[in-house]
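Participant: Encoded as structure tokens, here's the structure I'll be asking about.
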Amino acid sequence: MPLKNKKNGHSVAPLVAAIDIGTSKTACLIARLEDGSPRIIGVGHRRMEGVRNGAIINLEAARDALVNAITVAENMAGETIRDVVVNVSCGKPQSETVSVDVPIGGHEVSRSDVRRLLLHGRKAEENLERELVHAIPVGFRIDDTKGIRDPRGLYGDRLGADIHTVTAEHGPLRTLASCISGCHLQVSSFVVSAYASGLAALVEDERLLGATVIDLGAGTTGVAVFQGGELVHTDCVPVGGGHVTTDIAHGLSTPLDQAERIKMHYGTALSAPGDEAAIVEVPPIGEIDEAAATPVPKSLLTGIIKPRVEETLELVRGRLEASGWLRSAGRRIVLTGGASKLRGLRELTGSIFDCKVRTGRAYPLDGLAESATGPAFAASSGLILYAIRAHQDTIAGALSTLAATHEPTQTGVFRRVGSWLHEHF
């Protein structure tokens, strides 16, 4: 849980901390809550090692990178953190809606009835074969009446709810928890990366009317569908901006670091009339003499980038179509993640999905440098916003003892629905 430190016998404002673990970079943010509002007091980010497609494949290398980022953030803040909120892009996150209901005997629905219903969702967690990451109520019903956002004060015989559960494979998630514990920290909550990005990048109307966040990282592309103010679907495909870099390195026979540089400076997802005449200097592998660089037309570079980006977006589109959420969540897409900065990506996405597209930015947290408010830091900001909501969740604290028998990577249905209950009621 978030910390409340004491210095010289005097209480100070509590802290919340978040760690954003990506395939290419990791970031640690520490915020102090002052009158309920966050102020960033520590930031550390480092190149990530030991991670492939969002999953840890080298525990020691990943832990070293995390320790470096955490140490920088703690030194900047002048504080030591113990608990963190951590993003999840590994373990093949999957969405499923679980329906639960309880009898209410025809009386008026009270807050205790809502609480009893959501606690009844524990059976959903116990029956899952995968690790539970989120459990979010997305709509209530009384008898045959559906689509109720606040059932209190209404009458009926049975009170029900649809709970959107997000799960991940046990192994990758427990490896992630082990890596965090190796940094002498505890995970207070796991948050799916695209969900965190949506919390930071979407405006209220987008969450209410429906919008899809496509979070393009280096190793994975996450998807989060919002509707009615809630996360209603999430997914993740194991392809990202790093695959574009690898394609460039192979196609132009250049080192990976040079391929990344070329992608950022000259890369585009759409062809332009002048691409054939434009020349890009490409350093070959093994050469240190800049004069040995090979001139190639920009059209060749675009011809490498565009197919991979199209493949990624078509894969996301196909997954959304198969889930039934392609059209029903509104015709608006918000792009986040470091790979979303590729030129021409917004236009290509709009063409493939036939909808309005914009590039999202991180929530402007007080104390966060302007350089850390771009789409690459949306997930980091969203994790802090999630941590703040968890800190303010008094009901979750009251219910925490009910989840005490669960393993460290499972905070239980109780704490997850507690945050929702506290926020909405």
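The values are calculated or read from the model by the stated rules, or taken from the named source; none is laboratory data. The shown structure was predicted, so the numbers you read here are calculated from the model rather than taken from an experiment. Note that each Cβ is placed from the backbone with ideal geometry, even for glycine, and that neighbours are counted across all protein chains shown. Ligands, DNA and RNA are stripped out before the accessible areas are found, and what is left, the full protein with its side chains, is counted by its heavy atoms. Shrake-Rupley method; radii C 1.70, N 1.55, O 1.52, S 1.80 Å.
Participant: Looking for something among the small types (Gly, Ala, Ser) and in a strand (DSSP E or B) - is there at least one such residue anywhere in segment 242-256?
Facilitator: Of segment 242-256, the ones among the small types (Gly, Ala, Ser) are 242, 249, 251, 253.
Remaining after also requiring in a strand (DSSP E or B): none.
No, segment 242-256 contains no residue that is among the small types (Gly, Ala, Ser) and in a strand (DSSP E or B).
Participant: Is it the case that some residue within segment 109-116 is of a type in the set (Gly, Ala, Ser), open to solvent by 10 Å² or more (accessible area, probe 1.4 Å) and over 23 Å from residue 324 (Cα atoms)? So that I can check it myself, show each step before the final result.
Facilitator: Let us first name the residues in segment 109-116 that are of a type in the set (Gly, Ala, Ser), namely 110, 112.
So of that shortlist, the ones also open to solvent by 10 Å² or more (accessible area, probe 1.4 Å) come out as 110, 112.
Within this subset, residues satisfying the condition of being over 23 Å from residue 324 (Cα atoms) are 110, 112.
Scanning segment 109-116, I find at least one residue that is of a type in the set (Gly, Ala, Ser), open to solvent by 10 Å² or more (accessible area, probe 1.4 Å) and over 23 Å from residue 324 (Cα atoms), so the answer is yes.
Participant: Follow-up. For a quick check of your reading of the model, give me the residue pairs whose first member lies in segment 259-277 and is closer than 16 Å to residue 345 by Cα and open to solvent by 80 Å² or more (accessible area, probe 1.4 Å), whose second is part of a loop (DSSP other than H, G, I, E, B) and modelled with pLDDT under 95, with beta-carbon atoms closer than 9 Å and at least 6 apart or on different chains.
Facilitator: What qualifies is 266/278.
Participant: Let me ask something else. In segment 6-21, which residue that is modelled with pLDDT under 95 and not small (Gly, Ala, Ser) is surrounded by the most Cβ atoms within 10 Å (Cβ to Cβ)?
Facilitator: Result: 16.
Participant: So, one more: Would you please name the residue that is farthest from residue 250 (Cα to Cα), looking only at residues in segment 293-322 that are in contact with an Asp or Glu (Cβ under 7 Å, 6 or more places away or on another chain) and not hydrophobic (A, V, I, L, M, F, W, C)?
Facilitator: Applying the filter and picking the extreme gives 319.
Participant: So which residues in segment 233-242 are of a type in the set (Val, Ile, Thr) and more than 14 Å from the chain's Cα centre (by Cα)?
Facilitator: Once the filter is applied, which keeps residues that are of a type in the set (Val, Ile, Thr) and more than 14 Å from the chain's Cα centre (by Cα), segment 233-242 yields only 239.
Participant: With respect to the numbered conditions (1) assigned to a helix (DSSP H, G or I); (2) surrounded by 13 or more Cβ atoms within 10 Å (Cβ to Cβ), which one is the sole condition not fulfilled by residue 318?
Facilitator: Tallying (1) assigned to a helix (DSSP H, G or I); (2) surrounded by 13 or more Cβ atoms within 10 Å (Cβ to Cβ), residue 318 fails exactly one: (2).
Participant: Looking at the structure I just gave you, is residue 285 modelled with pLDDT under 95 and of a type in the set (Val, Ile, Thr)?
Facilitator: Against the criterion (modelled with pLDDT under 95 and of a type in the set (Val, Ile, Thr)), residue 285 qualifies.
Participant: Can you confirm whether segment 295-315 contains a residue that is closer than 18 Å to residue 195 by Cβ, buried (at least 18 other Cβ atoms within 10 Å of the Cβ) and modelled with pLDDT of 95 or more?
Facilitator: So in segment 295-315, the residues closer than 18 Å to residue 195 by Cβ come out as none.
The answer is no, given that none of the residues of segment 295-315 is closer than 18 Å to residue 195 by Cβ, buried (at least 18 other Cβ atoms within 10 Å of the Cβ) and modelled with pLDDT of 95 or more.
Participant: Something else: Tell me yes or no: at least one residue of segment 278-290 is part of a helix (DSSP H, G or I) and aliphatic (A, V, I, L, M).
Facilitator: No: segment 278-290 contains no residue that is part of a helix (DSSP H, G or I) and aliphatic (A, V, I, L, M).
Participant: Considering only segment 28-108, give the strands (runs of 3 or more DSSP E) lying wholly within it that have at least 1 residues that are open to solvent by less than 80 Å² (accessible area, probe 1.4 Å) and free of Cβ contacts under 8 Å to residues at least 40 places away in the same chain. Don't jump to the end; show me each part of the working.
Facilitator: Details: elements: 37-47, 83-88, 94-103.
So the answer is 37-47.
Participant: Moving to a separate point now. Checking residue 135 against (1) modelled with pLDDT of 90 or more; (2) crowded, with 23+ Cβ neighbours inside 10 Å, which single condition isn't satisfied?
Facilitator: (1)
Participant: Let me ask another. Which residues, taken from segment 324-337, are touching a strand residue (DSSP E or B) at 6+ places or on another chain (Cβ under 7 Å), open to solvent by 20 Å² or more (accessible area, probe 1.4 Å) and either at pLDDT 90 or above or within 17 Å of residue 240 (Cβ to Cβ) (or both)?
Facilitator: Selection gives 325, 332.
Participant: Same structure, new question: Go through segment 380-401 and report how many residues are open to solvent by 10 Å² or more (accessible area, probe 1.4 Å) and either more than 16 Å from residue 189 (Cα to Cα) or at pLDDT 85 or above (or both).
Facilitator: Counting residues in segment 380-401 that are open to solvent by 10 Å² or more (accessible area, probe 1.4 Å) and either more than 16 Å from residue 189 (Cα to Cα) or at pLDDT 85 or above (or both) gives 4.
To keep it simple, each residue is scored yes or no on (1) touching a Leu at 6+ places or on another chain (Cβ under 8 Å); (2) modelled with pLDDT of 95 or more; (3) under 23 Å from residue 311 (Cα atoms).
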position	(1), (2), (3)
191	yes, yes, no
197	no, yes, yes
204	no, no, no
208	no, no, no
229	yes, no, no
244	yes, yes, yes
259	yes, yes, yes
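Participant: Moving on. Tell me whether segment 141-152 contains one or more residues that are under 30 Å from residue 24 (Cα atoms) and touching a residue at least 12 places away in the same chain (Cβ under 8 Å).
Facilitator: no
Participant: A further question follows. Taking residue 235 as the residue in question, decide whether it is open to solvent by 30 Å² or more (accessible area, probe 1.4 Å) and in contact (Cβ under 8 Å) with a residue 60 or more places away in the chain. Can you show your working first?
Facilitator: Details: open to solvent by 30 Å² or more (accessible area, probe 1.4 Å): no; in contact (Cβ under 8 Å) with a residue 60 or more places away in the chain: yes.
No; evaluated as a whole, the condition is false for this residue.
Participant: What pairs come out if I take residues in segment 349-377 that are under 15 Å from residue 332 (Cβ atoms) and aromatic (Phe, Trp, Tyr) and pair them with residues that are assigned to a loop (DSSP other than H, G, I, E, B) and at pLDDT 85 or above whose C-beta lies under 9 Å away, six or more apart or interchain?
Facilitator: 353/326
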